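Asker: Submitted below is the structure of interest, expressed as structure tokens.
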Amino acid sequence: MTRIAIVIGSTRPGRVGDTVAHWVHEIASKRTDAEFDVVDLRDIKLPLLDEQAPPSFGQYANDHTREWSTLVDSYDGFVFVTPEYNHSTSGALKNAIDYLYSEWNNKAAAFVGYGSAGGSRAIEHLRGIMAEVQVATVRNQVMLSLFTDFENFTTFTPQPVQVDAVGPMLDQLIAWSDALQPLRDKTKAQSATV
């Protein structure tokens, strides 16, 4: 069965990303076409990128990198739950992506952003990053406004339109994750012969 990671892209104290991610997970868990896990970067505890070799070499010297590699490699697609900090995603999420390369390849990603502009600029930045690591991004996304989907900028109270947006986003994500499976299989078969 298709496996999707819902990645909490913020590690800061007082974050709302964990609440948003668990909301997505609650909606997603009602589906029967994929399995969903919440992956919290706070629990992964990656330091700033500390591998000497480029990630495309796949020669990881550190245990934390090998563990992160195994975890990411086990998923077929991702929902990145991202805050918007200064017109971009969080440093923690960018750092986590930068650690790896082939583990991301030929998978699909969707985005749930939050911020004063619904996380839209963070999402757009992530689309370019995902293209570089060969991840296909789906069009549908969820953009949560700090002004309309949160009380006092902290208590998550999503508008009905946001609840309705999650399903179509997941439909696309699962379809693309499944469609890319033959490419992932081919790549694994080729690397097994090397």
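Asker: Note down the net charge around Ile4, summing +1 for each Lys or Arg and -1 for each Asp or Glu among other residues with Cβ under 9 Å from its Cβ.
Answerer: -2
Asker: Please label the shape of segment 3-192 as rounded, prolate or oblate, based on the square roots a ≥ b ≥ c of the eigenvalues of the alpha-carbon gyration tensor (a/c under 1.5 means rounded; beyond that, a/b larger than b/c means prolate, else oblate).
Answerer: Judged from the Cα gyration tensor, segment 3-192 comes out oblate (a/c at least 1.5, b/c at or above a/b).
Asker: Arranged by the count of other C-beta atoms within 10 angstrom, fewest first, what order do Val166, Val20 take?
Answerer: Val166, Val20
Asker: Sum up the lysine pairs in segment 3-192 that clear both bars: alpha-carbon distance under 22 Å and a spacing of 8 or more or different chains.
Answerer: So the count works out to 4.
Asker: Something else: Between the alpha-carbon centers of segment 102-176 and segment 1-37, tell me the distance in whole angstrom.
Answerer: Here the answer is 11 Å between Cα centres.
Asker: In the chain, once you exclude exposed chymotrypsin sites (Phe, Trp or Tyr not before Pro) (DSSP loop, at most 16 other Cβ within 10 angstrom), what's the longest stretch remaining?
Answerer: The segment 1-146 is the longest one with no such site.
Asker: With both partners inside segment 3-192, how many of the DSSP beta bridges are antiparallel, as a percent to the nearest 5?
Answerer: Antiparallel bridges make up about 10 percent of those DSSP assigns within segment 3-192.
Asker: While we're here: Pull out the extension gain between Thr154 and Asp63, defined as 0.36 nm times the separation in residues minus the alpha carbon to alpha carbon distance; nm, one decimal.
Answerer: Residue separation times 0.36 nm, minus the Cα-Cα distance, leaves 29.2 nm.
Every read-out reported here was derived from the displayed coordinates using simple, explicitly stated rules and does not represent laboratory data. Here the structure is a predicted model, which means the values were calculated and not measured. FYI the Cβ positions are ideal-geometry reconstructions off the backbone, even for glycines, and counts take in every protein chain you see.
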